[in-house]
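This report refers to the structure that appears directly beneath it.
The values are calculated or read from the model by the stated rules, or taken from the named source; none is laboratory data. Since we're looking at a predicted model, the values are computed, not measured. Cβ atoms come from the backbone with ideal geometry, glycine included; neighbour counts cover every protein chain shown. Heads up: the accessible areas ignore ligands, DNA and RNA and are worked out on the full protein's heavy atoms, side chains in. Shrake-Rupley method; radii C 1.70, N 1.55, O 1.52, S 1.80 Å.
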Amino acid sequence: VLNFQLYKDALGLLLREVLNRIQFRYNQAQLEELDDETLDDDQQTEWQRYLRQSLEVVAKVMELLPSHAFSTLFPVLQDNLDVYLGLQQFIVTTGTSRRLNISAENDCRRLHCSLRDLSSLLQAVGRLAEHFIGEVFAARFNDALAVVERLVEVTCYGSRTSLYDLETAVPSVLKPDLIDVHAQALSALQAYSHWLAQFYSEVHSQNQSQFVNLITSTIDASSPLITTKVPEKLMLSACHLMVSITSTVRPVFLVTLPAVRNIFNLITTENQTHRLPQEEHMLVCRALSNMLLLPWPNLPESEQQWQTRSSNHASLLAALTREYKGIRGTVNVTPRQPDLDNMKAVMQQTLPVLRDIVDSISGESTKSRQICYQSLQESVQVSLSLFPVFIQQPDVTDEMLAFFLTLFQALRVQMGVSFTGQIIHTFLSMFTREQLAASILQEGSAGCRVVQKFLKILQVVVQEPGQAFKPFLPSILSLCMEQVYPVVAERSSPDVKAEMFELLYQILHQNWRYFFKTSVLTSVQRGAAEDTMENEAQFTAAMQAFGQSFLQPDIHIFKQNICYLESLNSKHKLYHRKLFRTSMLFHFINVLLQVLLHKSHDLLQEEITLAIYNMASVDFDAFYSAFMPEFLNGCQGVDSSQRAVLARNFKLERDLPSFTQSMQRLVNDLRYYRLCNSSLPTGTIKL
């Protein structure tokens, strides 16, 4: 008990000290020295890093001493909140202007420090949100409710009084402070969305009015900030809060709130000249879409009102894609430059929004995805018809393929086999060899990203179970081996190469029977009959491509590909197949041994040795009696007596640890002999 008390006292002291250290009220001299403008590699300023590290200590103490930590932090927050909430009495309105009537230098400095501290303490309170949910929800309910009610009060106050809009005596200092406090209050409230979701599911029946009031007030505080008249930092925080309420909490009554209807009208009536910035626009569209698509918690399927929600979602999508769908009617094969620029702007604004909406429901129920696809169907068809027109515009094609990739990943069942086939056919026919080559050669360009996304789409297609997309396999293999591979083979092109080998691996792994028609009888009578091989030339070309990649310096591709071969061996016995065993096995072992000798990929020594072992173990007798003598015989830089010593020392091990030791010794001895021989005068030994 005594030990625990000491430990508790020490932690309490640490918490108070850390809280004092992050407050200008107690530590102004040190805090003002921290840079809050220059971003480091993690996109943080020196001040943000200091604050984040301090808040991690606060969170750790909260984890160990929850009630003590809360009772220490909450009163400190309350003190600073009282200053902020009291600013209303200093607002003076004259005509259309509103100003904060605090001008004495000392008062301004004190207000600045108090607002900075409030901003930090709001972040601290947000950081502690995770300690009020899960198993401790009921035990800590009252504390969490006190925090959330206070945060809702602060955000409503900030939006109602529009403190961000006031004229102040020191605008360069106080205005950013007021904006930051308001934004941090919204962010802290967003951090409690999981608590609100648990409140909704566990106690909403007893405290319905309390919960409804919290959500209604939160939306009332956020919605006035979703306009271009508000500073972007504030608007962004409000949009993120809206997304969390619609995706995490999902209250059934949300769609009926006047504030939500106002946002719906704002989004569905805006046009190119009068719209929110792209990120905020996307977040609001995601929030509205989620509200209509995501299942409501605590309600059976029969009460989900899917029909009404479906027609509302269709109206939302129709409004969002009005200008986009209009392009189809005006476009000709070669649009004029001004028209082209306008069309590209519409496409680059609309497609990311559609992609984001699809992405946000990708893991949801079939019903949600079904409604989403119904609303999107026309836009998908428009996109496919526009694709050939914009094939020479890589920046637009990049957006289009990103959209199609998301569709394939999330909604391919809803799109159906025939339409999916139509899309693949269009893509395969549009990407000519010249087109692909031109795109790949501009590394890091939009064109290069287009090819990567195209290969990713094909990866999704070849992984699809069943027979529906099997007819496309020959064309996909041909595109891979005859159009993409020749362009990347001798160049670094790391990004395209990685996607191309991933596609090759998925083709082999998911469609093994396309190459090896092993019957059940054959697999029962192991060794009695051999594999029935089909499409041998394409299989050989794929294996040669893998082998070639081991001769190149790119360590990431090397590692990826050695993992792919090992995976194909463990899942399909690749190394045991007759074609591989008789005409490729020793070539692969030879290449991997040479890599070990050259020390070019030493970081992967373990993986390489394991692959050599797995290949050698297919037929240890042949490996030791045929391959190794031939390998040593062909070794350059050593004489015949040294070869004999190497052969004698290389033990015929069959278990992995001993084999690994033996292989390491061989490689080290061979390197040592070469080094010694190369340092001797010419003609000293006969090589």
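Of note:
- Qualifying positions in segment 24-53 - out of contact with any Leu (no Cβ under 8 Å at 6 or more places or on another chain) and within 20 Å of Ala188 (Cα to Cα): Gln44, Gln48, Arg49, Leu51, Arg52, Gln53
- Within segment 30-65, if we keep just the residues that are in a helix (DSSP H, G or I) and among the acidic types (Asp, Glu), the residue that is farthest from the chain's Cα centre (by Cα) turns out to be Glu32.
- Segment 257-299: number of residues that are modelled with pLDDT of 90 or more, outside any helix (DSSP H, G or I) and over 21 Å from Ser362 (Cα atoms): 3
- Taking the criterion of being crowded, with 17+ Cβ neighbours inside 10 Å, within 33 Å of the chain's Cα centre (by Cα) and within 22 Å of Val667 (Cβ to Cβ), the residues of segment 553-596 that qualify are Phe558, Asn561, Ile562, Leu565, Glu566.
- Qualifying position, being exposed (fewer than 15 other Cβ atoms within 10 Å of the Cβ) and in contact (Cβ under 8 Å) with a residue 40 or more places away in the chain, among Asp655, Asp621, Asp639, Asp602: Asp639
- The number of residues in segment 420-448 being touching a residue at least 12 places away in the same chain (Cβ under 8 Å) and among the charged types (D, E, K, R) comes to 2.
- Which numbered condition Gln88 misses (of (1) open to solvent by 60 Å² or more (accessible area, probe 1.4 Å); (2) in a strand (DSSP E or B)): (2)
- Qualifying residues in segment 313-338 (those that are in a helix (DSSP H, G or I) and open to solvent by 60 Å² or more (accessible area, probe 1.4 Å)) - the one modelled with the highest pLDDT: Ser315
- Selection within segment 401-445 - open to solvent by 10 Å² or more (accessible area, probe 1.4 Å) and outside any helix (DSSP H, G or I): Gly416, Thr432, Gln442, Glu443, Gly444, Ser445
- Tabulated pairs, segment 550-564, first more than 11 Å from Pro494 (Cα to Cα) and of a type in the set (D, E, K, R), second assigned to a helix (DSSP H, G or I) and open to solvent by less than 40 Å² (accessible area, probe 1.4 Å), C-beta under 6 angstrom, 6+ apart or interchain: Lys559/Leu604
- Exactly one residue among Glu46, Glu63, Glu17 is closer than 28 Å to Asp143 by Cβ and modelled with pLDDT of 90 or more, and that residue is Glu17.
- Among the conditions (1) touching a strand residue (DSSP E or B) at 6+ places or on another chain (Cβ under 7 Å); (2) open to solvent by 40 Å² or more (accessible area, probe 1.4 Å), Leu100 misses just one, which is (2).
- Among residues of segment 23-51 being out of contact with any Asp or Glu (no Cβ under 8 Å at 6 or more places or on another chain) and within 19 Å of Val173 (Cα to Cα), the one that is least open to solvent (accessible area, probe 1.4 Å) is Leu31.
- The conditions of being more than 19 Å from Gln123 (Cα to Cα), open to solvent by 50 Å² or more (accessible area, probe 1.4 Å) and aromatic (Phe, Trp, Tyr) are met by Tyr7.
- Leading residue by the ranking (farthest from Thr350 (Cα to Cα)) among those in segment 284-306 that are among the polar types (S, T, N, Q) and without any contact (Cβ under 8 Å) to a residue 60 or more places away in the chain: Ser302
- Counted residues, segment 446-472 - those being buried (at least 16 other Cβ atoms within 10 Å of the Cβ), under 21 Å from Pro388 (Cα atoms) and of a type outside the set (Phe, Trp, Tyr): 12
- Residue match in segment 58-70 (condition: aromatic (Phe, Trp, Tyr) and closer than 29 Å to Val173 by Cα): no
- Residue selected from segment 91-131 under the condition without any contact (Cβ under 8 Å) to a residue 40 or more places away in the chain and in a helix (DSSP H, G or I), by the criterion farthest from Arg21 (Cα to Cα): Glu105
- Counting only residues that are of a type outside the set (A, V, I, L, M) and in a loop (DSSP other than H, G, I, E, B), segment 361-382 holds 4 of them.
- Pairs with Cβ under 9 Å, 6+ apart, first in segment 501-514 and in contact (Cβ under 8 Å) with a residue 60 or more places away in the chain, second surrounded by fewer than 18 Cβ atoms within 10 Å (Cβ to Cβ) and charged (D, E, K, R): His509/Lys571; Trp512/Lys571
- For segment 96-114, residues that are closer than 13 Å to Lys175 by Cα and at pLDDT below 85 total 0.
- Put simply, of Asp117, Asp79 the only residue that is over 29 Å from the mean Cα position of the chain (by Cα), open to solvent by less than 10 Å² (accessible area, probe 1.4 Å) and of a type in the set (Asp, Glu) is Asp117.
- Residues of segment 188-232 that are within 27 Å of the chain's Cα centre (by Cα), open to solvent by 50 Å² or more (accessible area, probe 1.4 Å) and within 22 Å of Asn265 (Cβ to Cβ): Glu232 alone.
- Considering segment 658-683, the residues that are open to solvent by less than 80 Å² (accessible area, probe 1.4 Å) and in a loop (DSSP other than H, G, I, E, B) include one that is modelled with the lowest pLDDT, namely Gly683.
- Check on Asp356, assigned to a helix (DSSP H, G or I) and either closer than 30 Å to Thr256 by Cβ or among the hydrophobic types (A, V, I, L, M, F, W, C) (or both): yes
- Considering segment 489-504, and only residues there that are of a type in the set (A, V, I, L, M, F, W, C), under 26 Å from the mean Cα position of the chain (by Cα) and closer than 17 Å to Ala438 by Cβ, the residue that is modelled with the lowest pLDDT turns out to be Val496.
- Neighbours by Cβ (under 9 Å, 6+ apart or cross-chain): first from segment 159-177, among the basic types (Lys, Arg); second assigned to a loop (DSSP other than H, G, I, E, B): Lys175/Leu166; Lys175/Thr168; Lys175/Pro231
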